[in-house]
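All of the numbers you see were taken from the coordinates with simple rules; none came from a lab. Given the structure is predicted, the values throughout are model-derived calculations rather than measurements. Using ideal geometry, Cβ is built from the backbone for each residue, glycine included, and neighbour counts are taken over all protein chains shown.
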Amino acid sequence: MIKKYIYGVLGLIALAQMLSSCEAFLDKPPLDRIGNDSYWKTASDLENYTLQYYPVFSFFRIDGYQGIMGVDALRGSDTQIASGVNTTMNGSRNPVTSGGNWGWDQIRSVNFFLDNYRKCQDPVSAYGHFLGEAHFFKAWFYFEKLKSYGDVPWFAHALEMQSDELYQERNSRVVVVDSILWNIDQAIRFLNPLQSVIGGKNRLSKEAALLFKTRVALYEGSWQKYHRNTDFGTAGVDPNKYFRICVNAAEELMAPANGYRTGLYSTSNPEDDWCKMFSLIDQTNNPEVFLWMRFNVGMGLTNRYQMYISERTTGQSITFEQIQHYLDRDGNPYDYYAVGQTVKGNQFITQIAEECDPRLSQLIWIPGMLMWDNFLGYNVFDKPYIDQSGLSLNSTGFQLRKGSDPKVNETNSMETSQIVFRYAEVLLNYAEAKCELEETVDYNKSINLLRQRSGMPDFKIQTDPTRLRYADYGYQISDELYEIRRERTVELACESFRYDDIMRWAAHQLIQGKRPKGYPLDLTEWQGTTINYSVDTNGFLDPFSTQLPNGYEFKPNRDNLECIPLNEITLNPKLKQNPGWSQ
């Protein structure tokens, strides 16, 4: 029975990926086109309807090569880059006439469910979980809208072409966020806990909904705090309201007495566990994971992650800004710039791997590491692919390794799982929100658990004289909050969080007027080879020196939100354009 439900979800995801666009699949939900008299009768009807939404969790829709590990590079960040300059970070996007993320078919579809589920003839106990899924997905779809556009229309019901509500004004983001959180509360109410979910961790659960609640509340609390008194903030909103919601949801999950299935992945190998967790084919027995996506060759549902994390790179690279967040193995700040003045190239990468947080050498390839010993043959990492091009290029010298499995066989090489929700995020969200509330953070039940898994000393509040080189947010925060943000950057590296973090923190100074840098180049390692990148005055690779002579030109009065398509404003003049996009 469990296998039936798991592979039902998988089959829908596989179907979505076989279409020319997963979004095309999602924008044409077939089940809201049939007559109400012939549907909604049984719990199975409701279940089959909500299954159509699970493909939204596939990050391979965004990056078809590295999945979740490549999203930060594609969306834009200071810590990971693609081979070309990101237009959002560089403020070079143009107003859009149509399209973008403004489509409402997904929200209409889930509203159609919520308008009709009461027609089910089975008891609530039989269909409650599927109702919880619908509320979760409505919250998910609206959260994506909120992050893109801020204020958006809130639609409580499925609208038709003639509905007056289609021409309403945008609702305040506070109304939208509070409505998202209400829907998450309904999801928490109706979803089963992991211990009783049919489909296990391939299906939404109460634990997943609580995690998502911490994410939404932390996002909005920080957005309102750091965008206060700007065109992007909301007058009169107390950020602490949302920080408190985040803490309460996290503490509910963290309390052993509540019986939730939580934990951290560990085989007692701090030099490998963090990396290995993302290489697993099956996350069923991983206590850290609340939701994951399964791949299966037999069903035609595959990915090429292992290829693009080893013999290729997809042209994406980790930046020196990410690397500088890692403390030394004693838990103290490490002066990477000072080391790079005398130690170059492979020797630099090797030395920092030996002297710093073990998660550093699990994030990037280190010379001498085994890359593959399997059906492809045998290969040891020699040096970064900075002399390559296209999908094999690495432009910084810091080459992504996280999630690699050198011993994987040919079939399993296409079945690397994708983690959607993991408990580590809850611990980090809790610590950040608690600190924002200026309350005492219990590090022994949060960040110290992550430190222990990685063989690092306990968290401590400290100053770092090199901090402004890699964590210049453009405003002052406490040393404690600096260190919490550091831990977040390290633990969640390349997991699609960085773009959202930059936006919610109003941290454009991390990128504005700056260029991403790489490792200190040692040209003696590349004799007879052409390297197409220059170095800065300190000898560090400077891959965008030509494209960005003045650094990124992010527009803080515009680029925090997307442009509402101009055609939509023409159709509905009550819609007001986001700041900066009307000029």
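Take the alpha carbon atoms of region 525-583, find their center, do the same for region 235-314, and report the distance between the two centers in whole angstrom.
30
Mind checking the full-extension length gain between Asn567 and Ser392? Use 0.36 nm per residue of separation minus the Cα-Cα distance, one decimal, nm.
Stretched fully, the Asn567-Ser392 segment lengthens by 59.0 nm.
In whole Hz, what ³J(HN,Hα) sequence does region 453-465 give by Karplus (6.51, -1.76, 1.60; θ = phi - 60°), x for Gly and Pro?
The phi angles translate into 4, 9, x, 9, x, 4, 4, 9, 7, 8, 9, 9, x Hz.
Residues of region 303-342 with backbone nitrogen within less than 18 Å of a virtual label 7 Å along the Cα-to-Cβ line of Met369, please, listed as ranges.
Only 305-329 fall inside the zone, counting backbone N under 18 Å.
For the chain, with only Lys/Arg (+1) and Asp/Glu (-1) charged at the beta-carbon, what is the dipole magnitude about the Cα centre, in debye rounded to 20?
In total the dipole reaches around 880 debye.
Between 0 and 90 degrees, rounded to the nearest ten: what's the tilt of helix 239-254 against the longest Cα principal axis of the chain?
Tilt of helix 239-254: around 90 degrees.
Report ³J(HN,Hα) in whole Hz for each residue of region 316-322, in order, from the Karplus equation J = 6.51 cos²θ - 1.76 cosθ + 1.60 where θ = phi - 60°; Gly and Pro get x.
Whole-Hz 3J(HN,Hα) from phi for region 316-322: 9, 9, 7, 9, 4, 5, 5.
What FRET efficiency do you get for Thr267 and Gln168 if R0 is 35 Å and r is their Cβ-Cβ distance, rounded to the nearest 0.05?
0.05
In nm, to one decimal, how far is the modelled label at Asp472 from the one at Gln547, with both set 7 Å along Cα→Cβ?
Result for the modelled spin labels: 2.2 nm.
Which value, in debye to the nearest 20, gives the size of the charge dipole of region 143-193 about its Cα centre, when Lys and Arg are +1 and Asp and Glu are -1 at the Cβ?
On the way: 5 positive and 8 negative charges, 54 e Å.
With Lys and Arg at +1 and Asp and Glu at -1, about 260 debye.
Among the listed pairs Lys402/Lys434; Lys402/Lys517; Lys514/Lys555; Lys213/Lys276, give every one whose C-alpha distance is greater than 22 Å. Before the final figure, lay out the partial values.
Numbers: Lys402/Lys434 29 Å; Lys402/Lys517 20 Å; Lys514/Lys555 13 Å; Lys213/Lys276 27 Å.
Check vs 22 Å cut-off fails for Lys402/Lys434; Lys213/Lys276.
List the residues, sorted by chain then number, that are 5 or more residues from Val420 or on another chain and whose placed amide H is less than 5 Å from its amide H.
Amide H neighbours of Val420: Leu291, Trp292, Met293.
State the extension gain, in nm to one decimal, for the chain segment bounded by Ala338 and Ser44, taking 0.36 nm per residue of separation less the distance between their alpha-carbons.
Taking Ala338 through Ser44 to full extension adds about 99.6 nm, to one decimal.
For Lys119 and Thr463, calculate 0.36 nm times their separation in residues minus their Cα-Cα distance, and state this gained length in nm to one decimal.
117.8 nm
Scan [x] 20, 53, 24, 3, 0; [y] 17, 31, 16, 12, 12, 9, 3, 0; [z] 20, 56, 23, 1 for the value of P(r) over Cα pairs in 20 Å bins from 0, in percent calculated from this model and give just the label.
[z]
Can you compute the modelled spin-label distance between Asp178 and Asn229, with each label point 7 Å from Cα toward Cβ, in nm?
About 2.5 nm, to one decimal.
Are there trypsin sites (Lys or Arg not before Pro) in region 197-247 that DSSP marks as loop and that have at most 15 other Cβ atoms within 10 Å, and which are they?
Arg228
Counting only DSSP beta bridges with both residues in the chain, tell me the antiparallel percent, nearest 5. Can you show the working numbers first?
Details: 18 of 19 bridges.
Beta bridges within the chain, antiparallel portion: roughly 95 percent.
Please give me, ordered by residue number, the GluC sites (Glu not before Pro) of region 157-261 that lie in loop per DSSP and have at most 10 other Cβ atoms within 10 Å.
Here the sparse-neighbourhood loop sites are Glu160.
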